[in-house]
Amino acid sequence: MTVVYPRKLQSSMGSLSARDVMKQVIRDRDVHLITLNRYRYSEQRSCKDLTNLIEQLDGKPAELVKDLSRHVSDEARHAMWLTDLLVDLGSSVATPPGMSYIEEFERLLDQEQVSPESLDDFVISSLAAINVTEKRGCEYFSGHIHALKQAPQTEENIQIRETLERILPEEAGHVRWGNRWLSQMADKSPEHRAKVEHAKQKYAAIEQAAFESGMDITLGAELRRVGNLLDIANTLPAWQRPQYLIERLPQSLLSPDLQRTRIDVMQRAWNRDPQAFVERFVPMFLSGLTQDRNAKKPQPKATSAASN
């Protein structure tokens, strides 16, 4: 089967890996703690979403329900560890500020197209959605741990790293579990294999769009979100695309959450250091337009040796 990995973050500074991003995150304690709180929130929210999935499955297949129940237990434990960590560090455990990766992911899902009535299709879609988000989590936990190993070995950094090192192996286990289940579903028939491959591509596009929406607040982000929305629509059957776009296009173009996040980040940056706000934040914010222009520049055509 095709192996699908999360793509790097595309920004005005180029293509950034998880290690690149986390190297910057840990330099600012406030941003670092907000990031940890986002982890906590995601792990906590996963318990709710997985429980909802178990209820939708209504006992079938029993082996999957059993595995998902264990998965809920793992995520609850991770949320507990991260909550304990944040409280020990004197940090907030309230709902984190900014765009919610999970809520954006759910907004972009086409849940009405797959229901528990078509059990195999529902299982494939659910597993593909879980698998791609777990892969992103592993990527960023790993990048975070690597960044902390390179950072000054303060008591706080060591405490954070050790907590993440407890979580990462279990998250990697979730990825392997999802891969096994998807492989089992694909082995049922050629039709099932095609459905698994399609689901992996579709949910990878959805996850990438949700991920970038939470990372990109620069000018022009709305248009880039529309571009990601079109990428998702292209993974759907032609007859489903118009309805999908009509339902989600207004929110992508006129996102109140994006505007609130921009204002919140601007206020934080200004209150912390007005000079840095003008010298660093404003150029960074405006760089989104440069990113769009660079993306639209035609690439020079390669000249063959025969034409020389």
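The values are calculated or read from the model by the stated rules, or taken from the named source; none is laboratory data. Keep in mind it's a predicted model, so treat the numbers as computed, not measured. Cβ sites come from the backbone with ideal geometry, for glycine too, and all protein chains shown count toward neighbours.
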TODO: Answer yes or no as to whether residue 13 is aliphatic (A, V, I, L, M), at pLDDT below 95 and surrounded by fewer than 18 Cβ atoms within 10 Å (Cβ to Cβ).
DONE: yes
Task: All positions within segment 95-111 that are in a helix (DSSP H, G or I) and either loosely packed, with under 15 Cβ neighbours inside 10 Å or among the hydroxyl-bearing types (Ser, Thr, Tyr) (or both) - done: 101, 103, 111
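One line per residue, one yes/no per condition, for (1) more than 30 Å from residue 233 (Cα to Cα); (2) touching a residue at least 60 places away in the same chain (Cβ under 8 Å):
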position	(1), (2)
66	yes, no
85	yes, yes
104	no, yes
125	no, yes
133	no, yes
139	no, yes
142	yes, yes
154	yes, no
- [ ] For residues that are surrounded by 12 or more Cβ atoms within 10 Å (Cβ to Cβ) and β-branched (Val, Ile, Thr), scanning just segment 82-94, find the one that is nearest to residue 29 (Cα to Cα).
- [x] 93
- [ ] Could you grab me the full set of residues in segment 202-233 that are modelled with pLDDT of 90 or more and more than 18 Å from residue 104 (Cα to Cα)?
- [x] none
Open item on the list: Just to check your reading of the model, which residue among 148, 168, 119 is more than 14 Å from residue 32 (Cα to Cα) and touching a residue at least 40 places away in the same chain (Cβ under 8 Å)?
Closed with: 119
Open item on the list: Kindly evaluate residue 150 against the criterion of being surrounded by fewer than 19 Cβ atoms within 10 Å (Cβ to Cβ), modelled with pLDDT under 85 and out of contact with any Asp or Glu (no Cβ under 8 Å at 6 or more places or on another chain).
Closed with: no
